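Visitor: Handing you a structure now.
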Amino acid sequence: MVIRRNTKTALAAAMAAGLAVTMAPTIAASEPPSAPVARSAPAKQPVAIGAGGAVASVDADASRIGVEVLRHGGNAVDAAVATAAGLGVTEPYSSGLGGGGFFVYYDASTGEVSTLDGRETAPAAMPHDAFIDPATGEPYNPFFPNLVTSGVSVGVPGTPATWETALDEWGTRSLAKSLEPAAQLAKEGFVVDSTFRQQTLDNAARFAAIEPTADLFLPGGDPPEVGSVFRNPELAATYDLLGERGMDAFYGGRLARQIVDVVQSPPKTADTDLPVPPGFMKRSDIAAYDVVDRAPTHLGYRGLDVYGMGPPSSGGSTVGEALNILKTVDLESMEPAEVLHAYLEASALAFADRNAYVGDSDFVDVPLDELLSDDFAAERACEIDPTQAAAKPVAPGEPDGDYGGCPDGGSAETPTDTEGLSTTHLSVMDKWGNVVSYTLTIEQTGGSAITLPGRGFLLNNELTDFSAVYDPDDPNRIEGGKRPRSSMSPTIVLRDGEPWLAVGSPGGSTIITTVLQTLVNRIDLGMTLPEAIAAPRGSQRNSATVTSEQGFIDAYEALLEPYGHELTPAGAPGTSAAEIGAVAAIEMLPDGQFLAAAEPVRRGGGSAMVVDPAD
């Protein structure tokens, strides 16, 4: 069901008085975006236990904003939107107004799980060969700067509409009230840490190619120093504008015209060597954007109900199929090497089916019910040799409803991984039992590298998630108006019909394996939630080798070698970052308290907070 934007939030914003989190006085828009000061970044606490509600995210400032909303009577949706807006300030290279995401919500009053598809959308006029290099006739490397740093990679943003829709449907606060704490944070500024500086350094060449991006994120030509305060008064003014006028100001006003202008004519610096090709977006594309209310994916696992996000996300179907395969065996009775072998093989099979069948269900016929059926999972599970890893890549199965016996394994081509790693996730539970699991992104670190002039936020490069070569049989082929396939996997788990766990992660296609491994660690291996998150990770996405953190290699390489699994270090040539994922999760404890947990180390560590901490 399509949920069309309305003026309810804008009207409420004009009438309601906002609650401001206590912060420093407003910073004038003319002040520089960063300045050296003697100030420490807020301490990050990866685990928190207590009552009254909980928030987990990658950032302490954003989590604090969410907890303050809960403390002052807001519900989980109010806190999630406020936290996400805060992440748009402190995690601008991973999320923000210029991106999109998937919002999964459990409503305590109805006992129902709902999902919002706020994925970015391709312009109607986008051609099938948009990612083909005209000089060679070959597809660009999906991470090649010509493609990433471009207008052609920018999809119509869905994050602003997601925030407004979530508040309209389930929130208790106005959009203005929800955005105000983040606007204050943008005015006051946040303390630059080593992660933010390193991400800026890694993208300095791209950022320097775009005038407004260089002005904002490379003041004086250099990334902000660790310990300096980074202020973004332009973003604060944008939040204020949207709070006053609602998201119609984003999708139908001068701001929309600006987006089209920079996509069609990127504001390059005079001395850049990057081509920064223009895109195909028009104002009509932005005006036509709608959030879609989609049915969640659902399966039973070890007596639990697992809910996730359906297409165009492949997260719910792929995590779900892998869990269905794993529940055909008794992991609890197995040795660690046997469990890991089963996890890796189930993941490879599920990824084969993801690549073959999952795309935007408004454009392709995704056999979702069959992919998540126990009978299909049983047919796939019989292909797992308990003593030997299958040759990768494995072939997809046939989710046709006709199951029986054990089909021949076959073979397939290794898929190209087009998804960037720079995404963020937040989880929220409130004292009434409402739950939000929300993953949002602008795709690659720094997105398209195009900052909207005077608005303080980066535009996404999400369209690079499409397959570069047009194949009529590819469910993720490029088509105008289509949403590219994603691996974002916001997940909510119920126990006996009541909320038990909210979990999700960034990490491109490794999101799926990160969420899957965390669930297996917690449910099957008996780890506590903090232990399940901290455990070393390996990611098998139907490739010849298992992308692995060094801790995973150190602990398990000798155990997995007899099975034929080859572990490749994450961060090695041809792979991505040395760390896999960055989980933010919350568990409801038996005594009614909340256990919020985030990463202790990965991505600089995460931030878990509760309203009323336990002694």
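The values are calculated or read from the model by the stated rules, or taken from the named source; none is laboratory data. These numbers come from a predicted model, not from an experiment. So basically every Cβ, Gly included, is an ideal-geometry build from the backbone, and we count neighbours across all protein chains shown. Only protein heavy atoms, including side chains, enter the accessible area calculation; ligands, DNA and RNA are left aside. Shrake-Rupley method; radii C 1.70, N 1.55, O 1.52, S 1.80 Å.
This table checks each residue for (1) surrounded by fewer than 24 Cβ atoms within 10 Å (Cβ to Cβ); (2) under 22 Å from the mean Cα position of the chain (by Cα).
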| site | (1), (2) |
| --- | --- |
| Val154 | no, yes |
| Thr172 | yes, no |
| Ser178 | no, yes |
| Glu188 | yes, no |
| Ser194 | yes, yes |
| Thr200 | yes, yes |
| Ala205 | yes, no |
| Gly221 | yes, no |
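Visitor: Considering only residues of the range 480-536 that are open to solvent by 10 Å² or more (accessible area, probe 1.4 Å) and among the charged types (D, E, K, R), which is farthest from Ile325 (Cα to Cα)?
Guide: Arg483
A quick yes/no check of all residues on (1) in a loop (DSSP other than H, G, I, E, B); (2) in contact with a Cys (Cβ under 6 Å, 6 or more places away or on another chain); (3) within 23 Å of Val610 (Cα to Cα); (4) modelled with pLDDT of 95 or more:
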position	(1), (2), (3), (4)
Ala79	no, no, yes, yes
Ala82	no, no, yes, yes
Val89	no, no, yes, yes
Leu97	yes, no, no, yes
Gly101	no, no, no, yes
Thr115	no, no, no, yes
Pro123	yes, no, no, yes
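Visitor: Can we say Thr445 is touching a helix residue (DSSP H, G or I) at 6+ places or on another chain (Cβ under 7 Å), open to solvent by 10 Å² or more (accessible area, probe 1.4 Å) and either under 30 Å from Glu234 (Cα atoms) or touching a residue at least 24 places away in the same chain (Cβ under 8 Å) (or both)?
Guide: It is true that Thr445 is touching a helix residue (DSSP H, G or I) at 6+ places or on another chain (Cβ under 7 Å), open to solvent by 10 Å² or more (accessible area, probe 1.4 Å) and either under 30 Å from Glu234 (Cα atoms) or touching a residue at least 24 places away in the same chain (Cβ under 8 Å) (or both).
Visitor: For residues that are under 18 Å from Met488 (Cα atoms) and over 20 Å from the mean Cα position of the chain (by Cα), tally how many sit in the range 349-361.
Guide: Of the residues in the range 349-361, the ones under 18 Å from Met488 (Cα atoms) are 350-361.
Then drop every residue that is not over 20 Å from the mean Cα position of the chain (by Cα), which leaves 352-353, 356-357.
Qualifying residue count for the region: 4.
Visitor: Here's a follow-up. For Gln199, which of the numbered conditions (1) touching a Ser or Thr at 6+ places or on another chain (Cβ under 6 Å); (2) closer than 30 Å to Asp293 by Cα fails to hold?
Guide: (2) is the only condition that Gln199 fails.
Visitor: Please enumerate the residues belonging to the range 332-344 that are among the charged types (D, E, K, R) and either in a loop (DSSP other than H, G, I, E, B) or open to solvent by less than 10 Å² (accessible area, probe 1.4 Å) (or both). Full working, then the answer.
Guide: Step one: filter the range 332-344 for residues among the charged types (D, E, K, R), giving 332, 335, 338.
Residue satisfying the conditions is Glu335 alone.
Visitor: Something else now. In this structure, does Leu494 turn out to be in contact with a Leu (Cβ under 8 Å, 6 or more places away or on another chain), more than 30 Å from Val152 (Cβ to Cβ) and outside any loop (DSSP other than H, G, I, E, B)?
Guide: In short, yes.
Visitor: Any residue in the range 541-555 that is within 14 Å of Glu566 (Cβ to Cβ) and of a type in the set (Gly, Ala, Ser) sitting within a Cβ distance under 7 Å of a residue that is part of a loop (DSSP other than H, G, I, E, B) and open to solvent by less than 20 Å² (accessible area, probe 1.4 Å)? List the pairs, counting only those 6 or more apart or interchain.
Guide: Hits for this filter: Ser543/Pro393; Ser548/Ala570.
Visitor: Restricting the search to the range 92-133, which residues are open to solvent by 10 Å² or more (accessible area, probe 1.4 Å), more than 30 Å from Tyr239 (Cα to Cα) and in contact with a strand residue (DSSP E or B) (Cβ under 8 Å, 6 or more places away or on another chain)?
Guide: Matches in the range 92-133: Glu112, Ile132, Asp133.
Visitor: Hey, does the range 279-295 have a residue that's farther than 28 Å from Val104 by Cα and surrounded by 24 or more Cβ atoms within 10 Å (Cβ to Cβ)?
Guide: Looking through the range 279-295, at least one residue is farther than 28 Å from Val104 by Cα and surrounded by 24 or more Cβ atoms within 10 Å (Cβ to Cβ).
Visitor: Hey, another quick one. Does Thr110 qualify as being at negative phi, assigned to a loop (DSSP other than H, G, I, E, B), modelled with pLDDT under 95 and not charged (D, E, K, R)? Outline the logic, then answer.
Guide: On the way: at negative phi: yes; assigned to a loop (DSSP other than H, G, I, E, B): yes; modelled with pLDDT under 95: no; not charged (D, E, K, R): yes.
No; evaluated as a whole, the condition is false for this residue.
Visitor: Another one. Hey, Ala161 hits all of (1) open to solvent by 10 Å² or more (accessible area, probe 1.4 Å); (2) of a type outside the set (Val, Ile, Thr); (3) under 20 Å from Val436 (Cα atoms) but one; which does it fall short on?
Guide: Failed condition: (1).
Visitor: Okay, next question. Would you mention how many residues in the range 417-476 are hydroxyl-bearing (Ser, Thr, Tyr), under 22 Å from Pro127 (Cα atoms) and either in contact with a strand residue (DSSP E or B) (Cβ under 6 Å, 6 or more places away or on another chain) or not in a loop (DSSP other than H, G, I, E, B) (or both)? Before you say what the answer is, go through the steps one by one.
Guide: Restricting attention to the range 417-476, the residues satisfying the condition of being hydroxyl-bearing (Ser, Thr, Tyr) are 418, 422-424, 427, 437-439, 441, 445, 448, 451, 464, 467, 470.
Filter once more, so that each one left must be under 22 Å from Pro127 (Cα atoms): 418, 448, 464, 467, 470.
Going one step further and asking which of them are either in contact with a strand residue (DSSP E or B) (Cβ under 6 Å, 6 or more places away or on another chain) or not in a loop (DSSP other than H, G, I, E, B) (or both), we end up with 464.
Of the residues in the range 417-476, 1 are hydroxyl-bearing (Ser, Thr, Tyr), under 22 Å from Pro127 (Cα atoms) and either in contact with a strand residue (DSSP E or B) (Cβ under 6 Å, 6 or more places away or on another chain) or not in a loop (DSSP other than H, G, I, E, B) (or both).
Visitor: Let me confirm something: among Ile523, Ile553, Ile512, Ile533, which residue is within 23 Å of Asp465 (Cα to Cα) and of a type in the set (A, V, I, L, M)?
Guide: That would be Ile512, the only listed residue that is within 23 Å of Asp465 (Cα to Cα) and of a type in the set (A, V, I, L, M).
Visitor: Residues to consider are Ala598, Ala570, Ala585, Ala532; find the one that is in contact with a Phe, Trp or Tyr (Cβ under 9 Å, 6 or more places away or on another chain) and of a type in the set (A, V, I, L, M, F, W, C).
Guide: Ala570
Visitor: Let me ask something else about it. Among the residues of the range 178-213, write down those that are within 16 Å of Asp59 (Cα to Cα) and assigned to a loop (DSSP other than H, G, I, E, B).
Guide: Gly189, Val192, Asp193
Visitor: Do any residues in the range 53-66 that are under 12 Å from Ala41 (Cβ atoms) have Cβ atoms under 9 Å from those of residues that are at pLDDT 95 or above and of a type in the set (D, E, K, R), where the two are at least six apart or on different chains, and which pairs are they?
Guide: Partner pairs satisfying both residue conditions: Asp59/Glu91.
Visitor: Taking Ala377, is it part of a helix (DSSP H, G or I) and either at pLDDT below 95 or over 21 Å from the mean Cα position of the chain (by Cα) (or both)?
Guide: Here the answer is yes, as Ala377 does meet what is asked.
Visitor: Show me the strands (runs of 3 or more DSSP E) found entirely inside the range 214-331 where at least 3 residues are in contact with an Asp or Glu (Cβ under 9 Å, 6 or more places away or on another chain).
Guide: Values: elements: 291-294, 297-301, 304-308.
Answer list for the range 214-331: 291-294, 297-301.
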